[in-house]
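Read-outs throughout are calculated quantities, based only on the coordinates presented, and are distinct from any laboratory measurement. Not measured: the values here are computed from a predicted model. Counting neighbours? That spans all protein chains shown, and the Cβs are built from the backbone with ideal geometry, glycine included.
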Amino acid sequence: EAVYKRIAAGEVVVNPAAVVKELMENSMDAGATAITVEISQGGKELIRVTDNGIGIVAEDVPLAIQKHATSKISTLDDLDKIGTLGFRGEALSSIAAVSRLMIQTRTADSPEGTVLSVSGEHGPEIISAGLAEGTTVKVENLFYNIPARMKFLKNTSRETVNVTSVVSKLIFANPHISIKYISNGKVVYHSPGNGNLKDAIVAVYGKDMAHKLAKTDHTFGEIHVHGLVSQPTFLYKSTNYMCFFLNGRYVQSKNLQSAVLRGYGERLLRGHYPFSILHIDLPLSRADVNVHPSKLQVMLYNETDVLDTIQKAVHTSLEESSA
Ligand code: ADP
Ligand code: MG
């Protein structure tokens, strides 16, 4: 059973970037307005995520690391309208099985906080302590008890790049949250959390980016597309700079990319791609996020409407900015 648990955990938690994503999404689900992410050695040695969210009440802390003990979904019907980012109740239990995990947490109305320590072979141990409001989750020595998994981790710089990429996407997804990202003691990004997507982009790509972008905003029925796309004179030779957020969730889709490219039409040089960060907001019932466990893929009902809206949004914003 213990072995099974460890193998299964490795499926959910494949690398430090996946851990960072799960922990940050938990902070977001907890209503945090400020999140600090610290890693060392690409997250292989240490990942620490601190938030100012609602915290976990003492009696629920042991449940947080139990599989499927999530409180976020109570009936099967709810799966149709998933509004929170986490919903499988697998992340913390999986991480606990393959690392040394510590959770420090306090809710607003409890005088004392709770500290839970657990690892692949020890615990959980729970004590009370004076803590700030919110939650800190610390993950040390990922895969220390699964040499085979550990071997599959990339070198430190590669794992750092992967974490950095996840953090930047979460910054774009959440301009209303101030996100501070520290790697090996150095602040890499610090987004203001003022709700302005352009400021979030500047926090990641620098000030020069600000005047290379055109604002995009278009609504068709229940579909709202908004974000920023680069001027046609500012293109890349890869699609790496095209990001999509569906109801705030980062998703990957060739169809969405193609719709943006159609919006540029003749403006695009062959083999060149824009920088684009687009939020697509639509009723939860029109998207199925449950297609793949990594939650990157989605199924859209009436996808054509969504694609047309994106094309129109991009086209209109380029017309306006060149006028
Ligand atoms: P899920 O997010 O799918 O519910 P997780 O394993 O990621 O499952 O987390 C388990 C539970 O622990 C969450 O449902 C939530 O109640 C609690 N939790 C985890 N992280 C936080 C956090 N940063 N702040 C408040 N509660 C949290
Ligand atoms: Mg979660």
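Length gain on complete extension for the stretch T304 to E140, per 0.36 nm per residue less the alpha carbon to alpha carbon distance?
54.5 nm
Just to verify a number: FRET efficiency for S157 and K198, C-beta to C-beta distance, R0 = 51 Å, to 0.05?
0.95
Under the rule of at least 5 residues apart or a separate chain, name every residue whose amide H is placed under 5 Å from the amide H of V188.
The answer is Y181, I182, S183.
Quick one: putting +1 on the C-beta of Lys and Arg, -1 on the C-beta of Asp and Glu, what dipole do you get for the stretch 171-303 around its Cα centre, in Debye to the nearest 20?
It comes to approximately 440 debye.
Give the separation of the Cα centroids, the stretch 119-163 to the stretch 16-31, in Å.
If you average the Cα positions of each part, the centres end up 13 Å apart.
Give, rounded to the nearest 20 debye, the magnitude of the charge dipole that the chain has about its Cα centre when Lys and Arg contribute +1 at Cβ and Asp and Glu contribute -1 at Cβ.
Magnitude of the dipole: close to 1320 debye.
Considering every pair of different Cα atoms, what Kirkwood radius, in Å, is found for the stretch 192-236?
11.7
Express the C-alpha Rg of the chain as a ratio against the empirical globular expectation 2.2 N^0.38 Å, rounded to two decimals.
Output field value: 1.04.
Hey, for a label at S110 modelled as a point 7 Å past Cα toward Cβ, could you say which residues of the stretch 42-66 have their backbone N under 12 Å away?
Only 54-64 pass the distance filter.
Return the sequence-ordered ³J(HN,Hα) values of the stretch 243-250 in whole Hz as given by the Karplus equation 6.51 cos²θ - 1.76 cosθ + 1.60 applied to θ = phi - 60°, using x for Gly and Pro.
Karplus-based 3J(HN,Hα) across the stretch 243-250 equals 10, 10, 10, 9, 6, x, 9, 5 Hz.
At a Förster distance of 25 Å, what's the computed FRET efficiency of D60 paired with E121, Cβ-Cβ distance as r, to 0.05?
So, using R0 = 25 Å, E works out to roughly 0.55.
Stretched out fully, how many nm does the piece from Y241 to V187 gain, at 0.36 nm a residue minus the Cα gap?
Roughly 17.2 nm would be gained on extension.
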